[in-house]
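Comments concern the structure below.
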Amino acid sequence: MLRSLLFVPADRPERFAKAAASGADAIILDLEDSVAPARKAAGRAEVSAYLAEPREVKTFVRINPLDSGQTEADLAAILPRKPDGIVLPKAEGAASVAALLQLMGDIRFPVLPIATETPAAIFELSTYGQCGDKLSGLTWGAEDLPAAIGASSSREEDGRYTPPYEMVRSLTLFGAHKAGVQAIETVFPDIRDMDGLAAYARRARRDGFTGMMAIHPAQVASINITFTPSEEEIAHAREIVALFDANPSVGAHQLHGKMVDQPHYKIAKSILAQRR
């Protein structure tokens, strides 16, 4: 279970150690958007060198899109070094995952698709159920899609997503759960607004996301706290699970004056699994 995944530009090796020490459950060395075209080769070399050393935190690599002409070079540089996963931008459903796996050949690692960055991708979100065993999760993005369709923004003036992008977020959430993998919330772009970050992360967890991506080490602690069940939640979940396990033939119970039924039981078991 990955609560936090922190992006780091692949051509900034001086930031790698700080990112790894941030407390993030995983770091993502980014060969795509944060690296200028002229710096791609340098970024690959830095990522390869970093992956060759012992590491204490899960390390994913975001490669360039399948149609970029850069993917093969990215994979050639990183696969021999055994990353913990590959982040696939501009993914368009199970077909994109299959194409990536074919390029990877016999050296395969879990794939984390960024699943909403093109118009076509939106109509493929349900297909990830066909390849859930190949995925480490499913996440989305709110920046590339508006650019692809000529929208001026994905957000209202107060920072909330506009209706089209709320829909995209929701479809990603349900697509991930259909595939049986983690639903990972996209980044919160304002690194100075810690209160806004905390509220954004709480909303994500409330809605069913199980982790979130970050763009700065300062965001990691807040994300980890939000996606870690509290002691009160754990205690309540244990009560529910114990009640149902002791009475498996009963569909609903009363606990502290409130009814709990099978959906509560399922949520409680999920909370305990997250704790573990």
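The values are calculated or read from the model by the stated rules, or taken from the named source; none is laboratory data. Here the structure is a predicted model, which is why all the values come from computation and not from measurement. Virtual Cβ from ideal backbone geometry, glycine too; neighbours counted across all protein chains shown.
General observations
- For the stretch 22-39, the candidate set comprises residues that are of a type in the set (A, V, I, L, M, F, W, C) and in contact (Cβ under 8 Å) with a residue 60 or more places away in the chain; within that set, the residue that is nearest to Arg3 (Cα to Cα) is Ala24.
- Asp67 fulfils the conditions (1) part of a loop (DSSP other than H, G, I, E, B); (2) in contact with a Phe, Trp or Tyr (Cβ under 9 Å, 6 or more places away or on another chain) except for a single criterion, (2).
- Here the stretch 88-122 is the region considered, the condition is being among the hydrophobic types (A, V, I, L, M, F, W, C) and either in a loop (DSSP other than H, G, I, E, B) or not assigned by TED's automatic domain parsing to the domain that holds Gly137 (or both), and the residue that is surrounded by the most Cβ atoms within 10 Å (Cβ to Cβ) is Ala115.
Condition check ((1) over 18 Å from Val111 (Cα atoms); (2) polar (S, T, N, Q); (3) surrounded by 14 or more Cβ atoms within 10 Å (Cβ to Cβ)) across all residues:
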residue: Ser154; (1), (2), (3): yes, yes, yes
residue: Pro163; (1), (2), (3): yes, no, no
residue: Val168; (1), (2), (3): yes, no, yes
residue: Thr172; (1), (2), (3): no, yes, yes
residue: Gly175; (1), (2), (3): no, no, yes
residue: Leu197; (1), (2), (3): yes, no, yes
residue: Tyr200; (1), (2), (3): yes, no, yes
residue: Met213; (1), (2), (3): no, no, yes
residue: His216; (1), (2), (3): yes, no, yes
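- Top-ranked residue of the stretch 240-253 - restricted to ones that are exposed (fewer than 15 other Cβ atoms within 10 Å of the Cβ) and closer than 17 Å to Ala273 by Cα, ranked as modelled with the highest pLDDT: Asp245
- Qualifying residue in the stretch 259-270 (condition: surrounded by fewer than 17 Cβ atoms within 10 Å (Cβ to Cβ), more than 25 Å from the chain's Cα centre (by Cα) and either under 30 Å from Gly23 (Cβ atoms) or of a type outside the set (D, E, K, R) (or both)): yes
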